[in-house]
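Enquirer: Structure provided below as structure tokens; questions to follow.
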Amino acid sequence: MIKNRSLSALFILSIAFTILMTACGGNGGGKPAATDPPSAATDKPAPADTTQPSSDNNTAEALPKEVKIGFQVIPNAELLVKALGLAEKKFPDVKFNWVQFDSGRDVNTAIASGSIDLGLAGSVPVAIGLASQLPYHVYFLHDIIGDNESLAVRNDAGIESVKDLAGKKIAVPFGSTTHFSLLAALKQDGVDPKSVTILDLQPPDIVAAWTRKDIDGAFVWQPSLAKLVADNGKVIVSAKTLSENGSITADVGVVHTSFSKQYPQFVKEYVGLLDEAIALYRSKPEDAAKALAPLLSQPEADTLSQMNELVWLTSAEQADAKYLGNGSGNSGFAQVLKDTGEFLVEQKTIPSAPDVAVYQQGIYTGALTK
């Protein structure tokens, strides 16, 4: 169990971020966020506590009694671990509480309040979280986002390209990877974000608004994306296309710093389970899709298609310098987070981003196979 922590400073930063995000893009009829993450500080923050976990048995314990995992319904290795009950089988004496979230913004808030130990958030909220000194490390990349996140528009909305979004209502969860991708798409095509009515909606609300015909389009992830396309929609740009032009996004595993220090062996063995799930997907993709389909509430064929839209990397592959690296301060993903932060500053979504060293120190490679 995580002990309560004093977080008044983080909550003050959270209020500031809420004000910033409300002003971003004109959220008109959009649903205001119930909880927002802390924003980046106006001055460069001191690095988060990213000390590598100790192997000393006097300071580190082998297994926790309970683990709270903040997951999202995304067809990747962590969801497959949950679907197959791999964690419960591996650790029969550990109580697992799987807590579902709709966006990384809420995962940031949960980490700040100490209500979860591990979580999944997009690279955008993680860039914001590390800049804001949230007490977590990046310990795994659950997937590199490709066609799994896309901008879908209604067939009858008169939109053929991003350039046609001016004057339209487009929904997106603020502070998410899709929010970043939407702004990147507008920038790449020279469209002023102020000319678009950008609504802050979570995925379930996006689907509802689409059904009511309250919006012209939405940048969202699967399985919500498939529901929009099936209901008189089409995709005009994807995260994969944007990444090819330099705007890379990913779904990121984060672990509370106090948890990784106390239970480093558990984190390493949990990553081993993620590797096991990836091996199953690569060797028996149909079996993996069969296990995931009920959690996504859709046919196995659709699930397999959506799984293939993401890039699943083993921990050994993530130890490469272009991803998390080997712990020597050469993480390519840290630079991705830095670039993301700079983009958000440019878009006036956050006031400032720290040096790349802060993001480097936020990468924990102790659980990777090297």
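Enquirer: If you average the sequence gap of Cα pairs under 8 Å that are 6 or more apart and divide by the length of the range 150-197, what percent do you get for the contact order?
Expert: Reported relative contact order: 46 percent.
Enquirer: Tell me, what is the percent relative contact order of the range 57-155, built from C-alpha pairs under 8 Å that lie six or more residues apart?
Expert: So the answer I get is 29 percent.
Enquirer: Okay, next question. Tell me, what ³J(HN,Hα) does each residue in the range 98-109 have, in order and in whole Hz, if you take phi through Karplus 6.51 cos²θ - 1.76 cosθ + 1.60 with θ = phi - 60° and put x for Gly and Pro?
Expert: 8, 10, 7, 10, 8, 7, x, 4, 6, 5, 4, 5
Enquirer: In the range 144-243, what trypsin sites (Lys or Arg not before Pro) fall in a loop by DSSP, with at most 13 other Cβ atoms inside 10 Å?
Expert: Counting only loop positions with at most 13 other Cβ atoms within 10 Å, the trypsin sites (Lys or Arg not before Pro) in the range 144-243 are Arg212, Lys213.
Enquirer: Order these peptides, 260-272, 93-105, by their mean beta-carbon neighbour count within 10 angstrom, highest first.
Expert: 260-272, 93-105
Enquirer: In nm, what is the difference between 0.36 nm times the number of residues separating Thr211 and Leu63 and their Cα-Cα distance?
Expert: Computed gain between Thr211 and Leu63 is 48.7 nm.
Enquirer: Given a 1.4 angstrom probe, what's the average accessible area per residue across the range 184-285, in square angstrom?
Expert: 38 Å²
Enquirer: For the range 282-370, what is the relative contact order in percent, using Cα pairs closer than 8 Å and at least 6 residues apart in sequence?
Expert: 24 percent
Enquirer: Per-residue counts of other Cβ atoms within 10 Å, averaged by peptide: what ranking do you get for 195-204, 122-131, highest first?
Expert: 122-131, 195-204
Enquirer: In the neighborhood of Thr369, defined by Cβ-to-Cβ distances under 11 Å, what is the net charge if each Lys or Arg adds +1 and each Asp or Glu adds -1?
Expert: 0
Enquirer: Oh, and also: Enumerate the amide H contacts of Val252 below 5 Å, restricted to partners 5 or more residues apart or on another chain; note that Pro and chain-start residues carry no placed amide H.
Expert: Amide H to amide H, under 5 Å and 5 or more residues apart or across chains, Val252 pairs with Ala121, Gly122, Ser123, His142.
Enquirer: Using a 1.4 angstrom probe on heavy atoms only, work out the carbon and sulfur share of the accessible area of the range 221-314 in %.
Expert: Within the range 221-314, the accessible surface is 51 percent carbon and sulfur.
Enquirer: Let me ask another. Report, to the nearest whole %, how much of the accessible area of the range 98-173 belongs to carbon and sulfur atoms, 1.4 Å probe, protein only.
Expert: Heavy-atom surface of the range 98-173 belonging to carbon and sulfur, 1.4 Å probe: 44 percent.
The values are calculated or read from the model by the stated rules, or taken from the named source; none is laboratory data. The structure displayed is predicted, hence computed values, not measured ones. No Cβ is skipped: glycine too gets one built from the backbone with ideal geometry, and neighbour counts run over all protein chains shown. These accessible areas exclude ligands, DNA and RNA; they are computed on the full protein's heavy atoms, side chains included. Shrake-Rupley method; radii C 1.70, N 1.55, O 1.52, S 1.80 Å.
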